Amino acid sequence: MSTLDHLTGGRIGWNIVTGYLDSAARAAGLPAQTAHDDRYDLADEYMELVYKLWEGSWEDGAVQPRSRATGPDSTYADPSKVHVVHHQGKQYRVDAMHLCEPSPQRTPVLYQAGSSTRGRQFAATHAECVFVNGQSMPGVKDIVQDIRSQAVQRGRSASDIKVFLGATIVTGRSDAEARDKFEDYRQYVSSEAALVHAAASMGIDLAKFDLDEPVDAGKSQAIVSNIEAMTRSAGPQWTRRKLLEQMVLGSRQAPWVGSAEKIADLMMEWSQQADVDGFNLSRTVVPECFDDFISHVVPVLQERGVYKTGYREGSLRDKLFGHALLPASHHAQQFRP
């Protein structure tokens with residue numbers, strides 16, 4: 001991560017995922033996936049370890065100024081400002097200094113997608129950017145408010161976290177053109193594949209249920225927030241049929257279909273009513289779906305003054321928050337020397 005941050009001039013972000021597939025757990029030598037909340041406990045320890053390496057191993061000013069004219073006998077770094085990390089935890093043990101000098105951001109921009117009860121605690125502690133699934137607007141608003149509130153309780157600012165709503169968008173020059181595209185796309189969707197994809201992320205064998213039989217989620221160890229989101233959007237007695245109606249194009253959320261003006265209205269409404277900061281666009285037909293959004297929706301958003309017309313200089317964190325390093329209120333800063 002540090003090398004990539006150096007090579008890109010500070011443009012690296014990290015989507016922190018705790019894993020959810022039994023097959024992945026078996027590939028890593030475990031008999032099955034670790035329990036959902038236990039995975040977050042391990043992730044908390046892992047974050048503490050990487051913070052120690054990224055933030056605490058090399059002090060500011062440890063690396064001496066250098067240039068092409070610097071001779072072979074010059075000092076690269078002040079050893080008194082480079083520290084060995086000693087970590088003895090439940091899952092990880094490290095006795096070593098970080099092998100890389102501090103990169104432009106030190107710690108990459110931290111993304112996270114879990115909005116379960118335990119996932120929100122993790123987000124409030126660590127995340128700078130949070131992905132949430134599309135569902136009811138009141139449901140998303142409650143999640144956003146809870147994450148921001150928990151972040152403030154941890155000494156952070158509510159604005160230290162940006163929330164991005166998942167959105168599947170089919171647009172065109174008019175509502176009619178967008179609807180035609182949508183009907184065309186539907187011809188190529190595999191309902192079976194959509195259910196298989198949903199089953200993997202939810203940890204539920206959907207093949208066991210008839211089309212209109214209520215699905216028993218049980219105690220899943222997969223992506224709990226996906227189950228919670230489906231329960232909120234399709235109701236407590238959701239079925240395979242309701243799931244297919246929700247995921248008509250294969251995405252986890254129902255698509256938004258309409259003209260650029262209609263899509264812009266929806267995006268602004270979600271931003272204002274649910275307190276989301278941006279949108280994570282799901283693919284449909286690539287690159288057509290992104291080309292359509294850029295050609296039709298972006299100019300409307302720019303005309304309304306809610307989308308940038310130029311790019312800010314600096315690192316990824318600079319562009320998102322106006323500063324290159326994690327703020328002093330972030331949990332990671334307690335590991336700085």
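Looking across the stretch 1-39, the residues that are closer than 18 Å to residue 53 by Cα, more than 17 Å from the chain's Cα centre (by Cα) and not in a loop (DSSP other than H, G, I, E, B) come down to 2, 3, 4, 5, 6. I'd like to know if the stretch 250-266 contains one or more residues that are within 19 Å of residue 320 (Cα to Cα), under 22 Å from the mean Cα position of the chain (by Cα) and aliphatic (A, V, I, L, M). No, because not a single residue in the stretch 250-266 is within 19 Å of residue 320 (Cα to Cα), under 22 Å from the mean Cα position of the chain (by Cα) and aliphatic (A, V, I, L, M).
Residue-by-condition table, conditions (1) more than 30 Å from residue 139 (Cα to Cα); (2) of a type outside the set (A, V, I, L, M); (3) in a strand (DSSP E or B):
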residue: 41; (1), (2), (3): no, yes, no
residue: 47; (1), (2), (3): no, no, no
residue: 75; (1), (2), (3): yes, yes, no
residue: 100; (1), (2), (3): yes, yes, no
residue: 111; (1), (2), (3): no, yes, yes
residue: 123; (1), (2), (3): no, no, no
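For the stretch 302-326, what are the residues that are out of contact with any Gly (no Cβ under 8 Å at 6 or more places or on another chain), surrounded by fewer than 18 Cβ atoms within 10 Å (Cβ to Cβ) and among the aliphatic types (A, V, I, L, M)? Of everything in the stretch 302-326, those that are out of contact with any Gly (no Cβ under 8 Å at 6 or more places or on another chain), surrounded by fewer than 18 Cβ atoms within 10 Å (Cβ to Cβ) and among the aliphatic types (A, V, I, L, M) turn out to be 306, 320. Close Cβ contacts (under 7 Å, 6 or more residues apart or on different chains) running from residues in the stretch 15-30 that are without any contact (Cβ under 8 Å) to a residue 24 or more places away in the chain to residues that are surrounded by 14 or more Cβ atoms within 10 Å (Cβ to Cβ) and among the charged types (D, E, K, R) comprise 19/39. Annotation: residue 48 fulfils all but one of (1) at pLDDT below 90; (2) under 21 Å from the mean Cα position of the chain (by Cα); the unmet one is (1). With respect to residue 300, is the statement that it is part of a strand (DSSP E or B), modelled with pLDDT of 95 or more, more than 21 Å from the chain's Cα centre (by Cα) and over 28 Å from residue 204 (Cα atoms) true? Taking the combined requirement at face value, the residue does not satisfy it.
Got at least one residue in the stretch 314-321 being touching a residue at least 12 places away in the same chain (Cβ under 8 Å) and over 20 Å from residue 130 (Cβ atoms)? Within the stretch 314-321, one or more residues are touching a residue at least 12 places away in the same chain (Cβ under 8 Å) and over 20 Å from residue 130 (Cβ atoms).
Looking at 295, 271, can you tell me which residue is surrounded by fewer than 20 Cβ atoms within 10 Å (Cβ to Cβ), at pLDDT 95 or above and under 21 Å from the mean Cα position of the chain (by Cα)? First the steps, then the outcome.
Working: 295 fails: under 21 Å from the mean Cα position of the chain (by Cα).
The conditions single out 271.
Within the set 66, 106, the sole residue that is in a loop (DSSP other than H, G, I, E, B) and not assigned by TED's automatic domain parsing to the domain that holds residue 15 turns out to be 66.
Given the residues 207, 198, 178, which is the only one that is within 20 Å of the chain's Cα centre (by Cα) and among the hydrophobic types (A, V, I, L, M, F, W, C)?
Values: 207 fails: within 20 Å of the chain's Cα centre (by Cα); 178 fails: within 20 Å of the chain's Cα centre (by Cα).
Selected residue: 198, the only one of 207, 198, 178 that is within 20 Å of the chain's Cα centre (by Cα) and among the hydrophobic types (A, V, I, L, M, F, W, C).
The values are calculated or read from the model by the stated rules, or taken from the named source; none is laboratory data. Just so we're clear, the structure is a prediction, and the values are computed from it rather than from any experiment. Neighbour counts are summed over all protein chains in view; Cβ atoms, including those assigned to glycine, are modelled from backbone coordinates with ideal geometry.
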